[in-house]
Amino acid sequence: MPIPMLLVLMGASAQASPEPGLDLSAPAQQARPAQPALQDQPAEPVAAPVASHGTRGRRTYLMQINARARYLSVPSSILDISFFDSDDEGANPYDRPKVRGWAFGGEYVFDVEPGNYVLYAEYIKPTMKEGYWDDVEAPTDHNDGDWIRPDGLGAFVVGATYMHELDAIPTGPGESDVGLSFLFGAGLGLMVVNGGLEVWHPGSNPDNLDSTCLPNSPAYERVDQCGSDGYKRIPKVLPMVDLSASARVNFADHFHIRIDGGLHDVLSLGSALGVVF
């Protein structure tokens with residue numbers, strides 16, 4: 001074989017031989033496309049929970065701390081049933097004392113709309129003056145009444161009242177900052193009486209402590225010359241019954257004023273004001 005042809009055959013044989021250690025049976029691996037870099041995505045804002053209180057958009061549970069005052073009175077028309085007054089025909093010229101007083105205290109209120117649960121404590125200070133009490137009887141005797149003088153009379157009261165609230169002008173998000181509502185309530189309490197009612201009877205009363213002092217004189221004369229005949233018996237513990245109708249002005253659930261009227265054992269008219277939180 002000529003030498004040129006031999007060289008050609010050797011070159012072709014070298015190109016066809018695989019390199020040692022090379023596995024031709026393994027398929028060629030495809031290059032994977034590069035993954036795009038993750039980009040920081042802006043976090044979506046999480047809305048804060050919206051507190052609501054019924055239709056007013058307030059919290060479900062509110063509390064109040066209030067100062068309260070009430071003016072108390074027994075109408076003369078009620079007293080006329082049992083006692084004469086100076087303007088009655090044939091009566092003595094002594095005005096019957098007016099039964100009035102003030103109550104001052106505080107409240108702690110749980111406002112869970114539409115209910116307001118009121119816990120209160122107060123002190124009642126009567127403003128009744130001393131005077132002649134001529135009881136109505138048949139036959140009429142205008143000289144057999146008692147002279148009564150309050151002596152440190154007062155009362156401590158604790159109680160609870162439920163007040164149902166109806167909104168007229170709601171407050172809250174999208175509503176007015178100044179709200180108006182009406183409340184109707186009922187409750188019970190306990191009254192502890194201190195002090196007493198010092199009394200002078202007419203001289204003919206067999207219970208007089210000094211039966212020798214003006215034994216034939218009426219009480220309105222004996223009060224100036226004789227010692228008292230003791231004290232009227234009154235219970236030391238009495239129930240307190242509340243029935244009320246109120247109007248409340250609410251300033252954005254931060255401050256409020258309430259006007260109350262109704263029954264607080266006797267007729268009452270008062271107000272309460274305080275903070276809401």
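Here segment 79-150 is treated as an ellipsoid with the same Cα gyration tensor; its semi-axes, largest first and in whole Å, are 40, 14, 9. Sorting MET163, MET240 by the number of Cβ atoms found within 10 Å of their own Cβ, with the fewest placed first, yields MET240, MET163. First check a/c for segment 128-219, with a ≥ b ≥ c the square roots of the eigenvalues of its C-alpha gyration tensor; if it is under 1.5, answer rounded, and if not, answer prolate when a/b is larger than b/c or oblate otherwise. Prolate shape, in that a/c is at least 1.5 and a/b is the bigger ratio. If you average the alpha carbon positions of segment 185-256 and of segment 112-172, how far apart do those two centres end up, in angstrom? Comparing the Cα centres of segment 185-256 and segment 112-172, I get a distance of 11 Å.
Enumerate the residues in segment 177-206 having an amide nitrogen under 15 Å from the point lying 7 Å beyond the Cα of ALA247 toward its Cβ. Label zone hits: 179-184.
List CYS213, CYS226 from most exposed to least, where exposure is judged by having the fewest other Cβ atoms within 10 Å.
On the way: CYS213 15, CYS226 20.
Ascending Cβ contact count within 10 Å gives the list CYS213, CYS226.
The share of Cα pairs per 5 Å bin across segment 54-276, counted from zero up to the longest distance, runs 1, 7, 12, 15, 13, 11, 9, 8, 7, 6, 5, 3, 2, 1, 0, 0 percent.
Just so you know, all these numbers are worked out from the coordinates, no wet-lab data involved. Note that the structure is a prediction, hence the values are computed from the model and not measured. Methodologically, a virtual Cβ is constructed for each residue, glycine included, from the backbone with ideal geometry; neighbour enumeration extends over all protein chains shown.
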